[in-house]
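Shown next, in structure tokens, is the structure this report addresses.
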Amino acid sequence: MPSVFSTYIELGFHHIFDFKAYDHMLFLLALSAIYTLNDWQKVIALVTCFTIGHSITLALATFKIIQFDSALIEFLIPVTILLTCITNFFKLKGAAAKQATILSLHNLMALFFGLIHGMGFSNFLRQMLGRNGNIWQQLLAFNIGIELGQLLIVGIILVASFVAMNLFHAKKRDWIMVLSSAAAGVSLILMMETNIF
């Protein structure tokens, strides 16, 4: 019989892979579009910064320390995707390879945008939380599950970039442009579909 901890790890992992709420996957696509398989350490640091960001607001929202308009968050999440794509267009010439692994502007952006995404995760988590008083344990396990899911997603993206550039001889600039343009287009659609307008 699975423990509560492992159950919430699984919930977090499956939540990030929920194709009905693919906006978080789209953000990870935009976030990792400028990297290649050789940059795997930077990508792990990047994803971890994003996890730290959303863990903070996820905890604050779960304990009702902060409250927010869910329609506004639904709008802001695709805004973070669009802004990430726009910054990617300025990094077409290998800027990702030159940045620091830990202290970089891209990591800081992931941390900040993670704060917004954490509020999006909180609605789901509040519905799932048990009533046994181990909320901190459940929260930690849920975040670990999300982190594992995110690492798998960016791993798939990095492998896809390796295949595209090494087997199909795609140029890195073109790869970044295609991924970022596609993610930006979908994010605009998501923004227009929110109830904020």
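Kindly establish whether Thr62 is farther than 28 Å from Ala170 by Cα and in contact with a Lys or Arg (Cβ under 7 Å, 6 or more places away or on another chain).
The answer is yes for Thr62.
Cβ-Cβ distance below 6 Å, separation of 6 or more or different chains: which pairs start in segment 63-92 with a residue that is assigned to a helix (DSSP H, G or I) and end on one that is among the β-branched types (Val, Ile, Thr)?
Qualifying pairs under 6 Å: Ala71/Ile196; Glu74/Thr194; Phe75/Thr194; Phe75/Ile196; Leu76/Ile116; Thr80/Ile116; Asn88/Ile34; Asn88/Ile176.
Residue check, Phe13 against (1) surrounded by fewer than 20 Cβ atoms within 10 Å (Cβ to Cβ); (2) within 23 Å of Met191 (Cα to Cα); (3) in contact with a Leu (Cβ under 6 Å, 6 or more places away or on another chain), all met but one. Which one?
Only one criterion is unmet by Phe13, namely (2).
What are the residues in segment 27-41 that are surrounded by fewer than 22 Cβ atoms within 10 Å (Cβ to Cβ) and either among the charged types (D, E, K, R) or within 15 Å of Ile116 (Cα to Cα) (or both), if any?
If the condition is that a residue be surrounded by fewer than 22 Cβ atoms within 10 Å (Cβ to Cβ) and either among the charged types (D, E, K, R) or within 15 Å of Ile116 (Cα to Cα) (or both), then Asp39 is the only one that fits.
Do you know which of the residues in segment 70-90 that are under 17 Å from Asp174 (Cα atoms) and of a type in the set (Val, Ile, Thr) is most open to solvent (accessible area, probe 1.4 Å)?
Per the criteria, the residue is Ile86.
The values are calculated or read from the model by the stated rules, or taken from the named source; none is laboratory data. Just so you know, these numbers come straight off a predicted model, no measurement behind them. Don't worry about glycine lacking a Cβ; one is built from the backbone with ideal geometry, like all the others, and counts go over all protein chains shown. Heavy atoms of the whole protein, side chains included, go into the accessibility calculation; ligands, DNA and RNA do not. Shrake-Rupley method; radii C 1.70, N 1.55, O 1.52, S 1.80 Å.
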